[in-house]
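Okay, so here's the structure we're looking at.
The values are calculated or read from the model by the stated rules, or taken from the named source; none is laboratory data. Note that the structure is predicted; figures quoted are calculated from it, not measured. Glycine gets a Cβ as well: all are built from the backbone with ideal geometry, and neighbour counts include every protein chain shown.
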Protein chains: 2
Amino acid sequence: MEGISERYLQKLFEGTGDNFTHYLRERRLQHCWADLANPAEAHRSVSDIAFGCGFSDAAHFSRSFRDRFGMSPRAFRQQQAERVSGLGVKTGQRGWPQDAVAQLRAHRPAPAIAAAELKLVDCAVSRGGKPAHHFLTVDATRVHWGFFSRALKPLIEVVSGDTVTVETLTQHASDDPELMITGDPGAESVFRWTREGKGVERRGAGPMDASIYGRGAGEGFGVHICTGPIAVKGAEPGDVLEVRILDMVPRPSRNPNLQGRIFGSSVAAWWGYHYDEFLSEPKPREAVTIYEIFTGDEPYAQALYSYRWQPQTDPYGVVHQTYDYPGIPVAAETIRRRHGVLDGIRIPLRPHFGVIGVAPREAGLVDSVPPAYFGGNLDNWRLGKGAAIYLPVSVPEALLSIGDPHAAQGDGELSGTAIECSMTGTFQIVLHKKADFAGRPFADLTYPLIETETDWVLTGFSHPNYLAEFGAKGQSEVYAKSSLDLAMKDAFRKVRRFLVNTKGLSEDEAIALISAAVDFGVTQVVDGNWGVHAVLSKRLFAHEDGL
Amino acid sequence: MEGISERYLQKLFEGTGDNFTHYLRERRLQHCWADLANPAEAHRSVSDIAFGCGFSDAAHFSRSFRDRFGMSPRAFRQQQAERVSGLGVKTGQRGWPQDAVAQLRAHRPAPAIAAAELKLVDCAVSRGGKPAHHFLTVDATRVHWGFFSRALKPLIEVVSGDTVTVETLTQHASDDPELMITGDPGAESVFRWTREGKGVERRGAGPMDASIYGRGAGEGFGVHICTGPIAVKGAEPGDVLEVRILDMVPRPSRNPNLQGRIFGSSVAAWWGYHYDEFLSEPKPREAVTIYEIFTGDEPYAQALYSYRWQPQTDPYGVVHQTYDYPGIPVAAETIRRRHGVLDGIRIPLRPHFGVIGVAPREAGLVDSVPPAYFGGNLDNWRLGKGAAIYLPVSVPEALLSIGDPHAAQGDGELSGTAIECSMTGTFQIVLHKKADFAGRPFADLTYPLIETETDWVLTGFSHPNYLAEFGAKGQSEVYAKSSLDLAMKDAFRKVRRFLVNTKGLSEDEAIALISAAVDFGVTQVVDGNWGVHAVLSKRLFAHEDGL
């Protein structure tokens, strides 16, 4: 989870008016902020929490916290406790109408309201002209589930250079609500689903009346819980948005019985690559594996138990024979837990965000599953702490959303899911205006470009822009026509173009270099729009110009 | 080039009656052996060479060398010098008949003759019952070019546990003969081609009379210079041959003007993935890039110059409009060298053997290009120093061949070639008898399995056994029907089977683990039979059984 060099972190801060020492202090303060807001940490004293976050002097901590967040640690803790108990009541009474995006929009807080709710943001913004830090906690009013849309009203507005801490939830928390939802006000708000209503009614880009399959509002055409969108001040189509992942921490269980332990889930689902390939009976079948996550120097996930998916009746009475709609609360009494699965096997963590995307321009409601030029569900494990992603802006204010947090995933994401685990990320958002592009690596960017400490990772897709390519039918056609062969071709063309336009190579030089040094890998074969990425080592260029 | 831990090297030696200290001494002695045999090193004194290889006492070195190789360093140097000058005369007079494999076989030395030529082998074998070390120097009598065949007579016979140092040549040495052939007796012998004859007539598995395209004997249906085959005593179909790569060093130029510098070549050829995709004129075109290799702590390749392929008239008078036959000596006056290509770019080395294979059972002459169950042209850069490969034996004595040395390659090998560079490898050969398989990782092996210090690498192919699948037409059909989608399916099936049969997982556990932790990568898209590999980290299992 750590594993990136101080030097690289310092580089990340270059030219943003910030510095590394400041970042370290900021990060410690944020950890304290999160712990103080966490009901599961209520038994610890404020001093305890301060020491745990790296402060050695309680008075100094208290001053720093007040300077940073505009109130004392104690006052903040009190405020959060009240807010949480308030939420618990309010969310139980809310409900989303079963209708279209117009109504969805009406129910979203306008930017001004969002800013008022997030008082901490205001404190941050006022820090003497420096880049502001924002906090985006997660609850039902701050997510869109299963779709992207240019029509969504943003929750907050950031200015280029600002940092933002974003809580994200895995849509698989409902695979074991006891471990991943109970006691967590944010998760309870988002996953709330009773006979009377849901915290978030629309799940997917399908019709609200579920007139196609009857699965539920939005039909589950799209599954990811996305926090956002975030407006970027001044962003216009043609610009490039850089999103730097400064930090990423898993969200501990807030179930009082589970004392801050961390859990995740992985489903070998009907959309997995293996689904038509079973050797053993019963065929086909879906299997859920619940993992516990262990942090430390070599963080890892270990399976706790698994179960076969059994038909689940959702609170509205719809029976789900398969895992066909996100957020169905799995009833413990309907499944049989198998223990001792993957016994003794420790899966090294690769925490990353499956989804980071800006709103696509082509359609008003876009299924969150197939990734494309606008980013979205990239499912590339390189998109973790220390990485940055460059996204082509295609609607005003960019409308950035983040979700689908993963604790670990292999290239391919074969079963259809990673180890899905709620996470909180801290990002720096940098807007690159089209007029200032010349000579920059993203000068002619038409796709999501990932930069890590060591590599450029270029994302190829079976259909780089399936929305434009297939028109109105895009959101179903792309699923039918995906192929690694197409994705490979796209990845090759992109890396050649990058080398020619960004590194100034001739076409022949680019091809020679690709063959000798660029690694092509299978990103995923389960997201409708299959992916192949090209990994280009920065080390190749470390000696240019005699350096 | 180094970069593997001592601990791992020690592990490699476990259970083979050998040890690490012995290996280090052995390696130093081998380096001295190579330097003493190298005409380009003739200006250095024997003591100089001994010191250069890590011996600090000349008398001790002399004794060790005599113990090891049965003669003094001075006597050995003299013998080699005579052998080389003798070869120079003899090879100029030899010529291969333009006919079939039967005749090829008649011209190969029988095992007894090979052993007599390789006196050093005999010395090694006599070491008191310990595993023997063999040397297989390269010349025209010790290679087969562009094909595998169960009908080839082996050059030497090894016993399980033996080690063998094998010189291999890149088939691209002729792209700049001055740098990579001139002055090197082994390379001169293999590449010899005058109006009167060739050092190695057959190049490829095609007809000797070139009646299909007229390119030359064997038609270039297969291009790799393979040293071997090596017979493994007692190997039978159904056994598994393990080939451990203990060491790998590039072969320096022996051109007296180039003082031991190291060179390689890479061709963006008509069989490359990019060939139908050119953006710039002229279309299509072939480009050759010549590299210099720099060793040291962070070894790298840097481009020296490049040229566009121009029609070459071979010594038999055939004009080659494209790079359609291996070993055509490129005439310096026909091409225009471009300097300053890939300026300042250093390509980190990943030395590996493109080809390690045993003889296939299905056909008498098999094109060396498409890899398959028997290994062959795997073109996976993980097959370097410290790695091992497990190959299913399918003919008596296995008939192991090694070639196609690469200094660096990216996953994909996009242009059709890596940075091709002659190399000398030291291998340990271990035979696993079918009766002793139970519980071993290769217990039901049907494909080439690579083991590195950190990973299991399972090789998937578009057509895992194209020879059986397509029958007589296999060697052309495979080229027409390759697809990454098929190779991905094969890689998935193989890694699932490995996890179930070798690690004892259920099918559901295997699928969960693959999704969370196994990386699928594109091996190559240029070898007829496209490849996708699965990388399974050993670290996952490091904590099993409470360890």
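Quick notes on this structure:
- Exactly one residue out of A:Gly425, A:Gly412, A:Gly403 is crowded, with 21+ Cβ neighbours inside 10 Å, at pLDDT 95 or above and within 14 Å of another protein chain (Cβ to nearest Cβ): that is A:Gly412.
- Residue match in region A:330-340 (condition: in contact with a strand residue (DSSP E or B) (Cβ under 7 Å, 6 or more places away or on another chain), farther than 30 Å from A:Asp367 by Cα and within 11 Å of chain B (Cβ to nearest Cβ)): yes
- If only residues of region B:271-297 that are more than 9 Å from every other protein chain (Cβ to nearest Cβ) and among the charged types (D, E, K, R) are counted, the one that is farthest from B:Ser422 (Cα to Cα) is B:Glu281.
- A:Ala269 within 30 Å of A:Tyr447 (Cβ to Cβ) and under 27 Å from the mean Cα position of the chain (by Cα): yes
- Test: A:Ala114 is outside any loop (DSSP other than H, G, I, E, B), under 23 Å from A:Asp404 (Cβ atoms) and at pLDDT below 95: yes
- For region B:481-503, the set of residues classified as more than 22 Å from A:Thr523 (Cα to Cα) and touching a Gly at 6+ places or on another chain (Cβ under 9 Å) consists of B:Thr502 only.
- Look at region B:176-199: where a residue is farther than 22 Å from B:Val288 by Cα and of a type in the set (Lys, Arg) and a partner is part of a helix (DSSP H, G or I) and modelled with pLDDT of 95 or more, sitting 6+ places away or on another chain with Cβ atoms under 9 Å, you get B:Lys198/B:Ala140; B:Lys198/B:Phe191.
- Residue match in region B:369-376 (condition: in contact with a His (Cβ under 9 Å, 6 or more places away or on another chain) and either surrounded by fewer than 23 Cβ atoms within 10 Å (Cβ to Cβ) or within 14 Å of chain A (Cβ to nearest Cβ) (or both)): no
- Check on A:Arg261, in contact with a Pro (Cβ under 7 Å, 6 or more places away or on another chain) and crowded, with 21+ Cβ neighbours inside 10 Å: no
- Given (1) within 14 Å of chain B (Cβ to nearest Cβ); (2) crowded, with 24+ Cβ neighbours inside 10 Å; (3) in a loop (DSSP other than H, G, I, E, B); (4) more than 12 Å from the chain's Cα centre (by Cα), index of the condition A:Asp444 fails: (2)
- Members of region A:499-525 that are under 22 Å from A:Ser368 (Cα atoms) and either at the interface with chain B (Cβ under 7 Å from one of its Cβ atoms) or surrounded by fewer than 23 Cβ atoms within 10 Å (Cβ to Cβ) (or both): A:Val522, A:Val525
- Pick from region B:428-439, criterion in contact (Cβ under 8 Å) with a residue 24 or more places away in the chain and of a type outside the set (Val, Ile, Thr), ranking: surrounded by the most Cβ atoms within 10 Å (Cβ to Cβ): B:Gln428
Residues are listed down the side, and each one gets a yes or a no for (1) among the small types (Gly, Ala, Ser); (2) within 17 Å of the chain's Cα centre (by Cα); (3) surrounded by 24 or more Cβ atoms within 10 Å (Cβ to Cβ):
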position: B:Thr141; (1), (2), (3): no, yes, no
position: B:Trp145; (1), (2), (3): no, yes, yes
position: B:Glu157; (1), (2), (3): no, no, no
position: B:Gln171; (1), (2), (3): no, yes, yes
position: B:Asp175; (1), (2), (3): no, no, yes
position: B:Ile181; (1), (2), (3): no, no, yes
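- The set of residues in region B:459-510 that are under 24 Å from the mean Cα position of the chain (by Cα), closer than 23 Å to B:Trp271 by Cα and assigned to a helix (DSSP H, G or I) comprises B:Tyr466, B:Leu467, B:Gly474, B:Gln475, B:Ser476, B:Val478, B:Tyr479, B:Ala487.
- Of all residues in region A:526-535 being at the interface with chain B (Cβ under 9 Å from one of its Cβ atoms) and closer than 24 Å to B:Ser266 by Cβ, the one that is surrounded by the most Cβ atoms within 10 Å (Cβ to Cβ): A:Val532
- Pair list, Cβ under 6 Å, 6 or more apart: region A:474-494 residue at the interface with another protein chain (Cβ under 8 Å from one of its Cβ atoms) and surrounded by fewer than 23 Cβ atoms within 10 Å (Cβ to Cβ), other residue in a helix (DSSP H, G or I) and of a type outside the set (D, E, K, R): A:Asp485/B:Leu484
- Matching entry among A:Glu286, A:Glu292, A:Glu281, A:Glu333 (being closer than 18 Å to B:Phe541 by Cα and either buried (at least 18 other Cβ atoms within 10 Å of the Cβ) or of a type in the set (Asp, Glu) (or both)): A:Glu292
- Members of region A:298-333 found to be free of Cβ contacts under 8 Å to residues at least 40 places away in the same chain and either within 29 Å of B:Gly504 (Cβ to Cβ) or in contact with a helix residue (DSSP H, G or I) (Cβ under 7 Å, 6 or more places away or on another chain) (or both), listed by number: A:Tyr305, A:Ser306, A:Tyr307, A:Arg308, A:Gln310, A:Gln312
Results for (1) in contact with a Ser or Thr (Cβ under 9 Å, 6 or more places away or on another chain); (2) not β-branched (Val, Ile, Thr), shown as yes or no for each residue.
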| site | (1), (2) |
| --- | --- |
| B:Glu292 | no, yes |
| B:Pro299 | no, yes |
| B:Val330 | yes, no |
| B:Leu349 | yes, yes |
| B:Leu391 | no, yes |
| B:Pro405 | yes, yes |
